[in-house]
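Have a look at the structure below, then the notes.
The values are calculated or read from the model by the stated rules, or taken from the named source; none is laboratory data. No experiment lies behind these values; they were computed from the predicted model shown. Virtual Cβ from ideal backbone geometry, glycine too; neighbours counted across all protein chains shown. Remember, those area values only see protein heavy atoms, side chains included, never the ligands or the DNA or RNA. Shrake-Rupley method; radii C 1.70, N 1.55, O 1.52, S 1.80 Å.
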Amino acid sequence: EMKKLILAMMVFMILIMGGCAAESEPEAFMYFLFATPLKEHETWLKARNGFQAACEDYGIKCAWEGPTGIDTEMMEEEIETGILQKADAIITQGVVDPQLVREAQEKGIPVVLVDSDIPESDSFAYIGKNFEQQAEMLLEDIESHYGKDEHLVVAIQVAELGFQIAVDQIDAVEKVFAAHEGGYEIVSISQSKSDNVKAKQEWDSVMAEHADINVAINFAGESAASCYKAAEKYDLRDQMLIYGVDEVPEVMEMIRQGNVDGSIVASFYEYGYRSVEMLYAYITEGKKPEERIQDVIMIMVTKDNIDTYQEELSA
């Protein structure tokens, strides 16, 4: 009996130890990093929602890392960490060093760029706005208010003048607006640094200097609201059209009230979700997108479609 008991105990111990060993073996998982330009900005949080939803759907471990204010060095540090951690894929905005993207790709880590491209970086794919189409949407709406013969005096505000995305958006405006029969001039280009206070200060000084502006274009999410406040302060609101980008709640409310004329909205949720979808298909099945550049859906939101655009965007 004693022998049987000892034998049973030994079998029991072996089973327990075997179970522990099996449990302590690391489970194989995929790890995706999203190195965001702005970790807590309301527009980029939509991308985080899409990213996390896709990671859940595909059973991927995901990390959302980045600075709270514009800081490309910190973004690059996050990417370097992702490379060292042997992440399976990296998603980021194309404002970082192209060499870093190439380094990740060379180490077998595909990189998807969103919102801003770096064509020379050999990234796996780019998902973003078609800036020429964006400029066409702006001009079409401007001409629906002013007609084709009004001379356009344009002021533009971007998030960061040194970013390629700013250069590309301004270039697209120049190219497309050249077709406007009444002619146009850009009298000012300022930057908000993605900060409300800075955006307002910049628009204040622009409007103090240029009382003849009749079109104000904001390529930074927070800027349209600041632009409206400055226009009110200088009593210039009634003589100009004010445009923004993205789905900033304050700006959406201003469109509803008629204080901002329109905002060009792209699905940031799509940036997060589609990137994961594309990368997962590549890693598991070797499937590459047919085109490296993938356009995102864009809608000009005005007072007319403020209540219905969400359906179009999610379609």
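Roughly what angle does helix 268-285 make with the longest principal axis of the chain, taking Cα atoms, 0 to 90 degrees, to the nearest 10?
40 degrees
Exactly which GluC sites (Glu not before Pro) in the range 166-235 are in a DSSP loop and have at most 13 other Cβ atoms within 10 Å?
Within the range 166-235, the qualifying GluC sites (Glu not before Pro) (loop, at most 13 other Cβ atoms within 10 Å) are 181.
Take the alpha-carbon centre of the range 236-252, take the same for the range 131-208, and report the distance between them in whole Å.
When both Cα centres are located, 12 Å separates them.
Per residue, what accessible area does the chain have, given a 1.4 Å probe and all protein chains present, in Å²?
With the other protein chains kept in place, the chain gives 49 Å² per residue.
Could you check how much of the accessible area of the chain is carbon and sulfur, as a whole percent, using a 1.4 Å probe?
Roughly 50 percent of what the probe reaches on the chain is carbon or sulfur.
For the range 32-113, which trypsin sites (Lys or Arg not before Pro) are both in a DSSP coil and crowded by at most 11 other Cβ atoms within 10 Å?
Counting only loop positions with at most 11 other Cβ atoms within 10 Å, the trypsin sites (Lys or Arg not before Pro) in the range 32-113 are 86, 107.
Nearest 10 degrees, 0 to 90: what angle lies between the long axis of helix 196-209 and the longest principal axis of the chain (Cα atoms)?
So the helix axis and the longest Cα principal axis differ by about 20 degrees.
Which pairs, out of 39/200; 129/175; 46/193; 148/175; 61/86; 200/229, put more than 18 Å between their alpha-carbon atoms?
Distance filter (> 18 Å) returns 39/200; 46/193.
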